[in-house]
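Taking it in order: structure first as structure tokens, then the write-up.
The values are calculated or read from the model by the stated rules, or taken from the named source; none is laboratory data. Small disclaimer: the values here were computed from a predicted structure and weren't measured. Every residue, glycine among them, receives a Cβ derived from its backbone with ideal geometry; neighbour counts consider all protein chains shown.
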Amino acid sequence: MFKISVEKRQGCSFVVQPMSIKRDWMEETSEGHAYRCFPVTQSNVIGWSLSCINDIEFIWDGINDQTPDHIDIIKAPEGSYEGRGQSSISFNTGLVFRTEEEVSLFTITPVNYFSDNFETISNLISTSFYDNSLPLAIKAKKANEKITIKAGTPIATIIPISLTNLNNSTIKIVDYKDPDRSRFEANISYGSAAEVINSAGKWTDWYRDAVNEKKESVGTHEVKVLKLRVEDNTKNRLGGII
């Protein structure tokens, strides 16, 4: 379990919340069919979201170089900056994160959110000592058209990671071992049984339950239900501004 604290500066317009399992495109699938895919729904809730309490609006002229003045910000939080070039906008999140020494914050585009208008620029910050607001920048994708990011839309996901534990890790590639073809035959049996169920418009849920087609246990998930929380102790918890 990671220990993370965050100071919310005066006038902060950004909100930190656990990532939601909901996605618009998943809602539009027949009978919410996409939500039955356990690997997808589990990835949806990784990390915490950063969203703005107000709409953000801007127009990009289509020029993508290091010179400024190619993005016109119509509406954005105070401290937003369009002069960095490369069709990007940086935001002053007003959120100063602090973690333990062996934990950093990885900021990415929210998982399984798809936008034709913008994407979030990933960054990795050593938040054990970084005493400024967490940096956040987006890159415009659609030119010569007003782009609106509605209030409450996740702009980024922050994920705590330990670079200490990751450092010097090695992926070792070895030959596939199946001398008696038992693994091959098990996979064929699994696939054939799954095809029958899937062709009927149903889900097996075998991976979710960590069982094979015979409902025999094949292992356990590291965590099956991920629970993340936010404890807001600021003066104005509901308004998002202190």
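Some notes on this structure:
- The lone exception for Ala186 - which of (1) part of a loop (DSSP other than H, G, I, E, B); (2) of a type in the set (A, V, I, L, M, F, W, C); (3) more than 27 Å from Phe114 (Cβ to Cβ) it fails: (1)
- Among the residues of the stretch 74-117, those that are loosely packed, with under 15 Cβ neighbours inside 10 Å, in contact with a strand residue (DSSP E or B) (Cβ under 6 Å, 6 or more places away or on another chain) and modelled with pLDDT of 95 or more comprise Ile74, Lys75.
- Residue within the stretch 138-147 that is part of a strand (DSSP E or B), of a type in the set (D, E, K, R) and over 17 Å from Ser49 (Cα atoms) present: yes
- Meets criteria (under 26 Å from Gln17 (Cβ atoms) and modelled with pLDDT under 95) for Ile242: yes
- Residues that are surrounded by 10 or more Cβ atoms within 10 Å (Cβ to Cβ) and part of a loop (DSSP other than H, G, I, E, B), drawn from the stretch 149-180: Lys150, Ala151, Gly152, Thr153, Ser162, Asp178
- Residue satisfying all of: in the stretch 19-48; among the hydroxyl-bearing types (Ser, Thr, Tyr) and either outside any loop (DSSP other than H, G, I, E, B) or within 12 Å of the chain's Cα centre (by Cα) (or both); nearest to Ser90 (Cα to Cα) among these: Ser20
- Checking Asp65, Asp55 one by one, the residue that is at pLDDT 95 or above and not polar (S, T, N, Q) is Asp55 and no other.
- Residue selected from the stretch 192-238 under the condition surrounded by fewer than 10 Cβ atoms within 10 Å (Cβ to Cβ), of a type in the set (Gly, Ala, Ser) and assigned to a loop (DSSP other than H, G, I, E, B), by the criterion modelled with the lowest pLDDT: Gly201
- Only one of Ile56, Ile63, Ile21, Ile4 that is under 30 Å from Lys224 (Cα atoms) and out of contact with any Phe, Trp or Tyr (no Cβ under 7 Å at 6 or more places or on another chain): Ile21
- Residue in the stretch 199-206 that is free of Cβ contacts under 8 Å to residues at least 60 places away in the same chain, closer than 30 Å to Tyr35 by Cβ, in contact with a Ser or Thr (Cβ under 9 Å, 6 or more places away or on another chain) and among the small types (Gly, Ala, Ser) present: yes
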